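Comments concern the structure below.
The values are calculated or read from the model by the stated rules, or taken from the named source; none is laboratory data. This is a predicted model, so every value here is computed, not measured. Note: ideal-geometry Cβ built from the backbone for every residue, glycine included; neighbour counts use all protein chains shown. Surface accessibility is based on the protein's heavy atoms, side chains included, excluding ligands, DNA and RNA. Shrake-Rupley method; radii C 1.70, N 1.55, O 1.52, S 1.80 Å.
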Amino acid sequence: MAYYQTFRATILDASVAPIRMPKITNANLADPASATKNSIVSITPSRKLSCITEDSPFKHENWFQHLQIIKKASHRMCRSGSSSDELTKIDAIQRLGVDYYFREEIKEVLDRQYVANYDDHCCDLHEVAVRFRLLRQEGYNVPADVFSRFKDKDGKFKQELSGDIQGLMSMFEASQLSTEGEDILDEANEFSEKLLNASMKNLHPPLAMAVENALKHPYHKSLAMFTSEDFLNTSSDKRILNNELKELAAMEFNMVRTIHQSEIYQILRWWSELGLAEELKFARNQPLKWYMWPLAMLPDPCLSKQRIEIVKPISLIYIIDDIFDVYGTLDDLSLFTEAVNRWEFSSVEQLPDYMKICLKALYDVTDEIGVNIYTKHGWNPTHCLRKTWADLCNAFLVEARWFASGHVPRTKDYLKNGIVSSGVYVVLVHLFFLLGEGICQDAVDNLNDNPSIISNTATILRLWDDLGSAKDENQDGKDGSFVECYMEEHGGSSVASAREHVTRMISDTWKSLNKDYLSPYPFPLTFRKTCLNLARMVPLMYCYDDKHCNPTLENHMKAFLGQNACL
């Protein structure tokens, strides 16, 4: 129950407990107070959870009920049961997004399952596939040849498996954790996907929906916070998805949403006080959208402070991107980049005022984060943090010069630079220090070299961004794309073939990222999971339609922050 006490403290420390989120739009982002004028309950920073009204999602007396539900669910997990039931329980808990309460129980079961994996000759496809996936997800080194038992004498997967829909879904899910060279997982992916697609027209609606969800949103490449409702709607095994788990998931959603709403208030207040929205009116002004990144990367409710802090560099990445992509002249951008590399405010006299204001905010935010990390973890990261910003601006400047000269780079050069200009390196280096786990010289030296777990994550973001059919709704600049470079480099190539090539690259990069994730040195599992979560969030963040809107993201935002929240 140690985690539970930490979670309870996080709730009680929430500096605001809004019952209903006010409508927050670009018109009032600069003034959080104005956003509350027409709301039922005003947002007041000094209000504590103990002051919330009867209409609040939960009250103090609910804590006892909440704890009892957790204890019951924990007791059920620890009961003796079949190996398959144990695995399916863990799978359900993870899909509901409440696994942080059961870390010890899950580890105990998976340790036992890991040993059994080498002695077991189980021929149940579902059990073998779920065990493989759950173990790999938690960093256990499990060989892919466990699936060879389902092949016939000709080396093909047995056709008799075509009727095992549950097993095929689990096989497809397991294949998402493949690494380069694991041909058997590639074969499993193709085999299961083909049979599942063919089976849907003959399945009853709940099962057909479950198959469709698995094919569109496999667990390993999705985020439980956005898919848990679909799981609840399609799961029919009442032995596994019992009332305690359902009740816990429902109560958890309301409790965690209170934390998220509190964080949003603090972020809006910081953004307003920073003043960039007023001074740089050409730039994007979307703190609610920016907050969705840490919401996805750091789903653990107890990482509230880290979510709030990481929004600050994320917001500056968007602002500086707009300076380079939309507004700045090439001469000014060169001076701006030089100032970031030197990290000396005295060298900015020749810059326009809006750039000076942005640089001042960048210097102050970075140095403040560095001091806070040193105070909490005893390691001064300031040099590393400053380096990430220099690298980012250098990459932005390369793109600006390409565009100014009309030069279309070769795909290799574009992607090498685009990995840095994606901003992923900035975000993940900041997060490594903010999380505070595994900080040592070896890890820091690796960070300074843009390690593959970061560069692969950045590659997925860059390619997904370029694959999108529409640009961000408030971004009017032009900075090229991989698709454009590919078509230029391969004369006669169509847009369709270029996009198909990019899709294959994303799939291959996921295999490399999986390999990084399974490598315990030099980064701890928490950080590696954060990298995966960022990659998982990418398709949702770049899901723009032909009207330059992102309705899927906005719907998720309303679910987590209140119906009146909008992009």
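Filtering segment 516-526 to residues that are assigned to a helix (DSSP H, G or I), touching a helix residue (DSSP H, G or I) at 6+ places or on another chain (Cβ under 8 Å) and surrounded by fewer than 21 Cβ atoms within 10 Å (Cβ to Cβ) leaves Asp516, Thr526. Considering the conditions (1) open to solvent by less than 10 Å² (accessible area, probe 1.4 Å); (2) at pLDDT below 95, Ala395 is excluded by exactly one of them, (2). Quick check on Val311: is it among the β-branched types (Val, Ile, Thr), open to solvent by 20 Å² or more (accessible area, probe 1.4 Å) and in a helix (DSSP H, G or I)? Answer is no for this residue. Taken together, the residues in segment 400-434 that are within 24 Å of Glu309 (Cβ to Cβ), in contact with a Phe, Trp or Tyr (Cβ under 6 Å, 6 or more places away or on another chain) and of a type outside the set (Phe, Trp, Tyr) amount to 1. Does segment 341-350 include one or more residues that are modelled with pLDDT of 95 or more, over 23 Å from Ile259 (Cα atoms), open to solvent by 40 Å² or more (accessible area, probe 1.4 Å) and not aromatic (Phe, Trp, Tyr)? Yes: one or more hits. Inclusion of Glu500 among residues that are among the charged types (D, E, K, R) and more than 17 Å from Gly418 (Cβ to Cβ) is warranted. Within segment 479-513, the residues that satisfy the criterion of being of a type in the set (S, T, N, Q) and either part of a helix (DSSP H, G or I) or open to solvent by 40 Å² or more (accessible area, probe 1.4 Å) (or both) are Ser494, Ser497, Thr503, Ser507, Thr509, Ser512. Report yes if some residue within segment 150-170 is part of a helix (DSSP H, G or I) and within 26 Å of the chain's Cα centre (by Cα); otherwise report no. Yes - at least one qualifying residue is present in segment 150-170. Within segment 249-297, the set of residues being among the aromatic types (Phe, Trp, Tyr) and out of contact with any Ser or Thr (no Cβ under 6 Å at 6 or more places or on another chain) comprises Phe253, Tyr265, Trp270, Trp271, Phe282, Tyr291, Trp293. Criterion first (under 30 Å from Arg401 (Cα atoms), at pLDDT 80 or above and basic (Lys, Arg)) does Arg499 satisfy it? In short, yes. The residues of segment 420-446 that are buried (at least 23 other Cβ atoms within 10 Å of the Cβ) and either free of Cβ contacts under 8 Å to residues at least 24 places away in the same chain or of a type in the set (Ser, Thr, Tyr) (or both), listed by number, are Ser421, Ser422, Tyr425. Scanning segment 395-408 for residues that are within 16 Å of Phe324 (Cβ to Cβ) and touching a residue at least 60 places away in the same chain (Cβ under 8 Å) gives Phe396, Leu397, Glu399, Ala400, Arg401, Trp402, Phe403, Ala404. Residues of segment 86-124 that are free of Cβ contacts under 8 Å to residues at least 60 places away in the same chain, open to solvent by 50 Å² or more (accessible area, probe 1.4 Å) and part of a helix (DSSP H, G or I): Glu104, Lys107, Glu108, Asp111, Arg112, Tyr114, Val115, Tyr118, Asp119.
Counting only residues that are open to solvent by 20 Å² or more (accessible area, probe 1.4 Å) and either in contact (Cβ under 8 Å) with a residue 12 or more places away in the chain or hydrophobic (A, V, I, L, M, F, W, C) (or both), segment 181-207 holds 13 of them. Checked against (1) more than 20 Å from the chain's Cα centre (by Cα); (2) crowded, with 16+ Cβ neighbours inside 10 Å; (3) part of a loop (DSSP other than H, G, I, E, B), Ser178 meets all criteria but (1). Among the residues of segment 371-392 satisfying the criterion of being touching a residue at least 24 places away in the same chain (Cβ under 8 Å) and within 13 Å of Leu434 (Cα to Cα), which is most open to solvent (accessible area, probe 1.4 Å)? Among them, the one singled out is Lys376.
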